[in-house]
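Structure record follows, encoded as structure tokens.
No value in this document is a laboratory result; all are computed from the given coordinates. Not measured: the values here are computed from a predicted model. With ideal geometry, Cβ positions are generated from the backbone for all residues, glycine too; neighbour counts draw on all protein chains shown.
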Amino acid sequence: MIIAKTLAEFESARAAVGSGKKVGFVPTMGALHEGHLSLIRRSVQECDVTVISIFVNPTQFNNQNDFNTYPRTVDNDCTLVEPVGVDIVFAPRVVDIYPNAAKGDGAPLDTRVLDLGGLDQYGEGPRRPGHFNGMAQVVTRLFDIVKPTHAFFGEKDFQQLAIIEYFTRNLQYPIEIVRCPIARGEDGLALSSRNELLTPEQRAAAPHIYKCISKGVDMVGKVSVAEAVAAITQEINSNPLLETEYVEIIDGSTLEPITEWDQAEKIQLSCAVFAHPVRLIDNLKLK
Ligand code: PAF
């Protein structure tokens, strides 16, 4: 396994792969867990070569404290992925991804405003201003550098995945975006690098989120959408260590919140919940 820590190192490793191969790519921000490993295994199974990136992308954090405290464990991550069959780890410096950083004048790292098809208007979008544009900046930059044929993303970041599918199509990247199911712990908690930041008490409380949202499945068509949102919100908040930021029932394609069950063919429930100060997101297919 090659570990490339600069753009030049990566480009020489990528050139050695040559063309005509299926190159699978799993972009990550590190602090790897079983959820990432499930994406990596899928890539190793389906592709000739697997590349992962580890880069805590500054442009997608709208909260400096969240960026500063995001767990960084690159050496451990590399040890974890080598036996799974990764061929190249790309763990670049900020300047490799955003050449503007070399100027050191505090100017924006990337000024591009990408077309996200309006999919950033709902859910996480207004609550994390700039997040999806920053995410799109880094993912397009990584696509340009890594030149994968396939890229693997988890449905835990449901909105992120819809946006990536949109801009991959819109910008005509010849990349197949592979949707992978949410990896959960045995207790139902969606696996996330942020789970590392929970206290033992919060970690014990967090599976309550999945228990509550799972009840949404039986509410479809039985109570109104507004009643379902209110009941699930109240039940999550009944745990004193958890506080919902939002619970939304949305059209699974446009991501717009719905008010009637027959308003959309695919229906998804999504939520963000604080175990202060950690913010956890989850989602579930209702229809
Ligand atoms: O999902 C993530 O970990 C990040 O948003 C991604 C796709 C690696 C871009 O930084």
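Pull out all pairs, ordered by first then second residue, where Cβ-Cβ is under 6 Å, the residues are six or more apart or on different chains, the first lies in segment 14-33 and is touching a residue at least 12 places away in the same chain (Cβ under 8 Å) and closer than 17 Å to P83 by Cβ, and the second is among the acidic types (D, E) and part of a helix (DSSP H, G or I).
The qualifying pairs are L32/D77.
Checking K103 against (1) more than 16 Å from the ligand (Cβ to nearest atom); (2) among the basic types (K, R); (3) touching a residue at least 12 places away in the same chain (Cβ under 8 Å), only one condition comes out false. Which one?
Result: K103 fails condition (3) only.
May I ask you to verify whether V23 is in contact with a Cys (Cβ under 7 Å, 6 or more places away or on another chain) and not acidic (D, E)?
Numbers: in contact with a Cys (Cβ under 7 Å, 6 or more places away or on another chain): yes; not acidic (D, E): yes.
In short, yes.
Residues are listed down the side, and each one gets a yes or a no for (1) surrounded by 12 or more Cβ atoms within 10 Å (Cβ to Cβ); (2) closer than 30 Å to T50 by Cβ:
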site: I88; (1), (2): yes, yes
site: Y98; (1), (2): yes, yes
site: V113; (1), (2): no, no
site: Y122; (1), (2): yes, no
site: R128; (1), (2): yes, yes
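Looking only at residues that are part of a loop (DSSP other than H, G, I, E, B) and within 23 Å of A101 (Cα to Cα) in segment 41-65, which one is farthest from the ligand (Cβ to nearest atom)?
First, the residues of segment 41-65 that are part of a loop (DSSP other than H, G, I, E, B): 47-48, 55-57, 61-63.
From what's left, within 23 Å of A101 (Cα to Cα): 55-57, 61-63.
On the way: F55: 6, V56: 8, N57: 4, F61: 10, N62: 13, N63: 14 Å.
Applying the filter and picking the extreme gives N63.
Is it the case that G35 is within 14 Å of the chain's Cα centre (by Cα), part of a helix (DSSP H, G or I) and either under 18 Å from L161 (Cα atoms) or within 14 Å of the ligand (Cβ to nearest atom) (or both)?
Values: within 14 Å of the chain's Cα centre (by Cα): yes; part of a helix (DSSP H, G or I): yes; either under 18 Å from L161 (Cα atoms) or within 14 Å of the ligand (Cβ to nearest atom) (or both): yes.
Yes; evaluated as a whole, the condition is true for this residue.
All but one of (1) under 19 Å from N195 (Cα atoms); (2) crowded, with 21+ Cβ neighbours inside 10 Å; (3) touching a helix residue (DSSP H, G or I) at 6+ places or on another chain (Cβ under 7 Å) hold for V23, so report the exception by its number.
(1)
Which one is nearest to P126 (Cα to Cα) among residues in segment 142-162 that are near the ligand (Cβ under 10 Å from one of its atoms) and touching a residue at least 40 places away in the same chain (Cβ under 8 Å)? Write out each step before concluding.
Step one: list which residues in segment 142-162 are near the ligand (Cβ under 10 Å from one of its atoms), which gives 142, 151, 153-154, 156-157, 160-161.
Next, from what is left, pick out any that are touching a residue at least 40 places away in the same chain (Cβ under 8 Å): 142, 151, 153-154, 156-157.
Working: L142: 25, A151: 26, F153: 22, G154: 22, K156: 19, D157: 16 Å.
Once the filter is applied, the top-ranked residue is D157.
Can you say whether F10 is outside any strand (DSSP E or B) and under 26 Å from P126 (Cβ atoms), as far as the supplied structure shows? Walk me through it before giving the result.
Working: outside any strand (DSSP E or B): yes; under 26 Å from P126 (Cβ atoms): no.
When the stated conditions are applied, F10 does not pass them.
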